[in-house]
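Input: a single structure, listed below in structure tokens.
The values are calculated or read from the model by the stated rules, or taken from the named source; none is laboratory data. Keep in mind it's a predicted model, so treat the numbers as computed, not measured. Ideal geometry is used to build each Cβ from the backbone, glycine not excepted, and the neighbour counts take in all protein chains shown. Only protein heavy atoms, including side chains, enter the accessible area calculation; ligands, DNA and RNA are left aside. Shrake-Rupley method; radii C 1.70, N 1.55, O 1.52, S 1.80 Å.
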Amino acid sequence: WEQRKLSDITLKIGSGKTPSGGKNAYVDDGIPLIRSQNINNDRVDLEDIVFIDEETDNSMENSRVFTDDVLLNITGASIGRSAVYRGKDKANVNQHVCIIRPTKDFDSDFIQLNLASNFGQKQIDASQAGGGREGLNFQEIGKMSFMFPSNQEQMKIGVYFNHIDYLITLHQRKCEETKKLKKYMLQKMFPQNGKRVPEIRFVGFTEDWEQRKLKETIEYIVDNRGKNPDYYCSEGIPVIDNFMIRNSLYPDLNTATRFIDENLYQNFIRKYNEEDDILLTLVGNGIGNITLFPKDKAVIIQNTLGFRAKEDKKFLFFLLMANNEALVKLDRGMAQPSIRQDEILDLDIYVPSNSEQIQIGEYFTYLDNLITLHQRKYEELQKIKKFMLQNMFI
């Protein structure tokens, strides 16, 4: 591989400017103006794009963006973020985004990957005018140097990372789409506003849901008032703290920060929690949040209500998730948010037959598992990309 300065392998290093009139120059439709917030996660994000008209674009002719230009943020908190412009349509940039246009023998993706690598970010940090992440000037950008293989190898490396980025984006999008679907179905598959039937039901179910008090659907309650362990350890049986109860199917025990030892666990009343018992936060900013007790050993602490459903556990869990707003409204309005256990247990809910409960519970469990799968894949691919950026470049 051979070392090259960016100034030696580029046709252009330069940025745009603020359109005359600033935000008043933006129009509803026209030529995209790429700003620093549009350079995200190594790609050009058009979610929050603004537009300028032809006349403004002509006045900014020198900062027009071409396909395969490398775009680099050069000011502000997002300094150092970069992406390759893959659009075929005309676009422009403002003064916070630098265009790096390589010669034909140097691959845009390979240059962008170098900028995103640890080595590239260190050069960016060292090149800022005045330090303190104040800004990059074109001369300093041109002085940045990287090792380059043959054009063919550059392109193969670029294609490899493009594939990883595609998979990252795919799983991120699938995760967000499934979250939106779950939110929608929580509103539609549970009765709302005092109604006795939901808007959407599985085929074969037509009967009205029955009104009950929450406590009538509960078999067993774990009373945690005043029952905290005498001491905590740096490792052992994880304690499920309130920050771990976040309306997810199960808490992530890997995020636990407190533990108790095995001997204390054996004598600790909360060990009687069973898998899929519902855990609900009574005090703090997360009041009303719920999760399910995991199959692994763990304990819950004071200010957490634990209870076991008489019928389908997953159904009752998702019903309470759908009624989270009603739980939060029970806040007593004191200095620290809190809700009383007896008021929660006295809450009016509507429940269908056990067979319908099971189907609803299974459906939402499937959605949650799908969300977890895509989230895990997304995180794994991010780690792979980070590792490869550290090991595929000199």
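Computed over the chain with a Gaussian network model linking Cα atoms closer than 10 Å, the most mobile of Leu71, Leu330, Leu279 is Leu330.
When the P(r) is computed for segment 1-126, the part past 23 Å accounts for 28% of the Cα-Cα pairs. Here the peptides 145-156, 91-102 are ranked by packing, the mean other Cβ count within 10 Å, and the order with the highest first is 91-102, 145-156. The Cβ shell under 12 Å around Tyr232 holds other residues with a net charge of -3, Lys and Arg each +1, Asp and Glu each -1. The value of relative contact order for segment 161-217, using C-alpha pairs under 8 Å at least six residues apart, is 18 percent.
Spin-label model, Tyr231/Asp105: points 7 Å from Cα along the beta carbon direction are separated by 7.0 nm.
Segment Arg196..Met155, full-extension length gain: 8.7 nm, with 0.36 nm per residue of separation and the alpha-carbon distance subtracted. Taking the C-alpha atoms only, the angle from helix 354-391 to the longest principal axis of the chain is near 30 degrees. The lysine pair tally for segment 236-374, using Cα distances under 21 Å and a gap of 8 or more places or different chains, is 10. Counting only protein heavy atoms and a 1.4 Å probe, the chain has 52 square angstrom of accessible area per residue.
Any idea what diffusion coefficient the chain gets from Stokes-Einstein, in µm²/s, Kirkwood Rh on alpha carbon pairs, 25 °C, 0.890 mPa s? Approximately 97 µm²/s, per Stokes-Einstein. When you work out D = kT/(6 pi eta Rh) for segment 288-394 at 4 °C and 1.567 mPa s, using the Kirkwood radius from C-alpha pairs as Rh and the Stokes-Einstein form, the result is 75 µm²/s.
How much length, in nm to one decimal, is gained on full extension between Asp48 and Asp208, taken as 0.36 nm per residue of separation minus their Cα-Cα distance?
Numbers: separation 160, 0.36 × 160 = 57.60 nm, distance 4.49 nm.
Extending this stretch completely gives an extra 53.1 nm.
Where only DSSP H runs of four or more residues are counted, the chain gives -10500 deg cm²/dmol as its mean residue ellipticity at 222 nm, each run worth -39500 (n - 2.57). Contact order for the chain, expressed relative to its length and based on alpha carbon pairs under 8 Å spaced 6+ residues apart, stands at 15 percent. Bridgeable lysines around Lys383 (alpha carbons under 24 Å apart, same-chain partners fewer than 8 residues away excluded): Lys122, Lys156, Lys174, Lys179.
Ordering 169-175, 285-291 by mean Cβ neighbour count within 10 Å, with the highest value first, yields 285-291, 169-175.
Considering only protein heavy atoms and a probe of 1.4 Å, how much of the accessible area of the chain is carbon and sulfur, as a whole percent?
Taking all protein chains in place, the chain shows 47 percent carbon and sulfur surface.
Net length available on complete extension from Arg246 to Lys23 is 76.4 nm, with 0.36 nm assigned per residue and the Cα-Cα distance removed.
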